[in-house]
Structure formats: structure tokens, C-alpha cells
Amino acid sequence: AGLIGGTAVDPASPGAKDVAAARQRVADRISELVPVAQEHDVRLVLEPLHPMYAADRAVLSTLGQALNLAAPFPAETVGVVVDTFHVWWDPALESSIQRAGAEGRLASYQVCDSNLPIAADALLSRGYMGDGYIDFETITRWVAATGYAGPVEVEIFNREIWDAPAASVLATVKARYESLVEPYL
């Protein structure tokens, strides 16, 4: 069994592989949550995840999909995240980031690299900026061009990095951030 749209599913059951229906369920839940979020002055933020997670974690795979689901609602109530690990591969990323900025929906920018080989738990295939395949200069310039001035979160899920001495990890993150991200903000 896996998860589709946050719901446990047996892949052999009828309709279990209908990703369009799963995305519609996500849209329906957002519609239900928006009034509650507005009542409590909370912003919902949608984060697309790399397509390799569509079967078990998330059915939003592109920033464009997240923006389309956010579109019916006020930007101050529903925003989006640009997480380099999940969206770096998207051929429409530049225009989607521009759209997110124009709509006032860019709520967060997260950075880490995408490493190969993919770990047994694909979620742990992230690495220090500069160790993988992501073009941080270009993506960060696109984010900065929107006027985004919020926090930039370094989000690395990687067992080897977690097990390394904290001082070493912090020094590497700081140096990589200062050379690969910060100059382009």
C-alpha cells in the first residue's frame, strides 16, 4: 500500500492509480481549509514535490500545479514554496517563479542539492549546495527577481550529513550558502 494525495491506497484497488482524481481531492481539501485558515489568520503554503514522490508523498509535482491550485484563493491565504530539490528539473520553472512573484504567492525559498545515486529512501538524496546537479545561481536569481525578501531555508535530508559533527555541517552549509546562494539574492 502507498499514499496518493495523503490517503493510504492499495495500488491494486480500482481507481488507486488515478493521479488526476488524487489532485482533485487535494484541491477539494484546500477549498475546505481556506475558510479555516482565513478565520485564524494562517497562510496555507503548497509545496510541489519531485515527481518520484507522486506515489507515496505528494501529487503536486510542479510549481505550476501548485499555483493553479492556489489561484482561486487570495494570495495572503494560499502561497507556494520553491524548494530547489523538488523543482530544479522543471522546464517551466522560470515562468512559474515569475508567476508566483507576480501573484504575491512566493512564501518560502528552500535550498539543497540533488545527489546521485538516489538513496534507498529517496527523501534522503539531498546534499550540500554544490555537491549535486542544481544551478543555484540561476534559480536564486529568478527568485530574487520577483522581489522575494523572505527567509531562505537550507533543508538537507541526508543521513550522512545528519551523522556528521554539527560544527562541520554548519561550516559547510555557511560556506556553500555564502558562495552559491547569497550572492544572487
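The values are calculated or read from the model by the stated rules, or taken from the named source; none is laboratory data. Everything numeric here is computed off the predicted structure, so don't read it as measured data. Positions of Cβ are generated from backbone atoms using ideal geometry, with glycine treated the same way; all protein chains shown enter the neighbour counts. Keep in mind that these areas ignore ligands, DNA and RNA; they rest on the heavy atoms of the full protein, side chains included. Shrake-Rupley method; radii C 1.70, N 1.55, O 1.52, S 1.80 Å.
Points to keep in mind about this one:
- Residue that is most open to solvent (accessible area, probe 1.4 Å) [pool: residues in region 124-147 that are in a loop (DSSP other than H, G, I, E, B) and touching a Phe, Trp or Tyr at 6+ places or on another chain (Cβ under 6 Å)]: I134
- Residue within region 25-39 that is at pLDDT 95 or above, of a type outside the set (D, E), open to solvent by 70 Å² or more (accessible area, probe 1.4 Å) and part of a loop (DSSP other than H, G, I, E, B) present: no
- Residues that are among the hydrophobic types (A, V, I, L, M, F, W, C), open to solvent by 20 Å² or more (accessible area, probe 1.4 Å) and in a loop (DSSP other than H, G, I, E, B), drawn from region 76-123: W88, W89, A92, L116, I118, A119, A120
- One residue from S95, S179 being under 30 Å from R43 (Cα atoms) and of a type in the set (S, T, N, Q): S95
- In region 104-126, the residues that are touching a helix residue (DSSP H, G or I) at 6+ places or on another chain (Cβ under 7 Å) and not aliphatic (A, V, I, L, M): R105, Y109, Q110, C112, S114, R126
- Region 149-185: number of residues that are open to solvent by 70 Å² or more (accessible area, probe 1.4 Å) and either part of a strand (DSSP E or B) or of a type outside the set (K, R) (or both): 14
- Each residue in region 129-142 was checked for being in contact (Cβ under 8 Å) with a residue 24 or more places away in the chain and farther than 25 Å from Q98 by Cβ, and 1 pass.
- Cβ-Cβ distances below 9 Å connect the following pairs, each with a first residue in region 143-168 that is touching a residue at least 60 places away in the same chain (Cβ under 8 Å), a second residue that is part of a strand (DSSP E or B), and a separation of six or more residues or different chains: V143/V82; V143/L106; V143/Y109; V143/V152; E155/D83; E155/Q110; E155/V111; E155/R126.
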